[in-house]
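> Just dropping this structure here.
The values are calculated or read from the model by the stated rules, or taken from the named source; none is laboratory data. All values reported here derive from a predicted model rather than from experimental measurement. Please note: Cβ atoms are built from the backbone with ideal geometry, for glycine as well, and neighbour counts cover all protein chains shown. When the accessible area is computed, the model is the full protein with side chains, heavy atoms only, and any ligands, DNA or RNA have been set aside. Shrake-Rupley method; radii C 1.70, N 1.55, O 1.52, S 1.80 Å.
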Amino acid sequence: MKEDSFKTIALDFNLLEEKEMFERAEALNNLLQKRRTVRAYSDKSVPRQIIEQCLLAANSAPSGANRQPWHFAVVSSAIKKKEIREGAEEEEREFYNTRAPQDWLKALAPLGTNANKPFLEKAPYLIVIFGQKFMTNEKGQKLKNYYVAESVGIATGLLIAALHNAGLATLTHTPAPMKFLNKILDRPNTERPIMILVVGYPEQNAQVPDITRKSLEQFTSFHDE
């Protein structure tokens, strides 16, 4: 990416009739309402081309100064997945046994989570998402990135939506601390691991927690005047 170049091109934008706009918005809402966090995965393989297209969709996310401060480490190696599981479960045991406050454990209880994470090995893909504090321009100069957490969060949301749209299940997993991922995946210390995104097909007859989502009125306020 050229640091000091700036040019404009014509916006590629189609103005839609309001009826079609609503239909598109409703269809996407209905699709995403079916998205659920899945913890039981099949080992059925997923074509890499599908993952690549979803990653390209994620990379369309807006970012501070267009720095695109993310790196997606896509892991399908059985050896690497085993290492990641071992590292994550070590941190998770510490979390559940000593670090987690009781109110947090109480909040997690209805979801049935624990320190055992077999999905980290069984799912065909783990996508480890890193935030990049710095970038290097064409002259080799180190440049600070801006709004890294916000930018990575938007890109991750797009990735999850794209994967769901493609017919795949996902799980966001955030063992803490996560610096063991830098070592396993040979990423520089200037990158911060944000989460592990588990990707694949649900196991046959997979079960998910019986939860509800907030209504529009509960999480939205409109200020019309």
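> May I ask you to evaluate 6.51 cos²θ - 1.76 cosθ + 1.60, the Karplus curve with θ = phi - 60°, for each residue of region 194-203 and list the ³J(HN,Hα) values in order in whole Hz, giving x for glycine and proline?
9, 6, 9, 9, 7, 9, x, 8, x, 4
> Dividing the Cα convex hull volume of region 1-113 by residue count, how many Å³ per residue is that?
Enclosed volume per residue, from the Cα hull, is 242 Å³.
> So, in nm, how far is label Lys133 from label Glu150 when the simple model puts each one 7 Å beyond its Cα toward the Cβ?
2.0
> Once you list every other residue whose beta carbon is under 13 Å from the beta carbon of Thr170, what net charge do they have if Lys and Arg are +1 and Asp and Glu are -1?
Details: positive: Lys34, Arg35, Arg36, Arg39; negative: none.
The answer is +4.
> I need the per residue convex hull volume for region 96-154, using only the alpha carbons, in cubic angstrom as a whole number.
189
> Percent of Cα-Cα pairs per 10 Å bin, from 0 to the last occupied bin, for region 47-113, please list those.
15, 26, 27, 31, 1
> Suppose the chain between Arg35 and Glu86 were pulled fully straight at 0.36 nm per residue; how much longer would it get relative to their current alpha carbon spacing?
Net length gain for the segment: 15.6 nm.
> So for each of 98-111, 212-225 I average, over its residues, the number of other beta carbons within 10 Å; can you give me the resulting order with the highest mean first?
The densest-packed peptide leads the list: 98-111, 212-225.
> Same structure, new question: Tell me what the chain gives for mean residue ellipticity at 222 nm when only DSSP H runs of n ≥ 4 count, each as -39,500 (n - 2.57), the sum divided by the residue total, rounded to 500 deg cm²/dmol.
-11000 deg cm²/dmol
> Could you look at region 26-81 and say what percent of its accessible area is carbon and sulfur, using a 1.4 Å probe and all protein chains?
Solvent-exposed carbon and sulfur of region 26-81 make up 52 percent of the total.
> If we count every other residue with Cβ under 13 angstrom of Ala161's Cβ, Lys/Arg +1 and Asp/Glu -1, where does the sum land?
Net charge around Ala161: +2.
> Around Ile194, which amide H atoms from residues at least 5 apart in sequence, or from another chain, sit under 5 Å from its own amide H, with H modelled in the peptide plane?
Ile129, Phe130, Gly131
> Also: Just from the alpha-carbon atoms, what are the Rg and Dmax of region 102-210 in angstroms?
In order Rg, Dmax, the Cα atoms of region 102-210 give 16.6, 54 Å.
> So, one more: Just round it to a whole percent: the fraction of Cα-Cα distances in the chain exceeding 33 Å.
26
> Heavy atoms only, probe 1.4 Å: what % of the accessible area of region 114-225 goes to carbon and sulfur, would you let me know?
Answer for region 114-225 is 51 percent, counting heavy atoms of protein chains only.
> When the chain is fully extended, how far beyond the present Cα-Cα distance does Glu20 get from Ser215, taking 0.36 nm per residue of separation?
Length gained, Glu20 through Ser215: 67.8 nm.
> How far, in nm, would the chain grow between Lys142 and Asp224 when pulled straight, counting 0.36 nm per residue and subtracting the alpha carbon separation? Could you put the intermediate results ahead of the total?
Numbers: separation 82, 0.36 × 82 = 29.52 nm, distance 4.48 nm.
Additional length available on full extension: 25.0 nm.
> Do you know the Lys pair count in region 48-186 for C-alpha distances under 18 Å, with sequence separation 8 or more or different chains?
17
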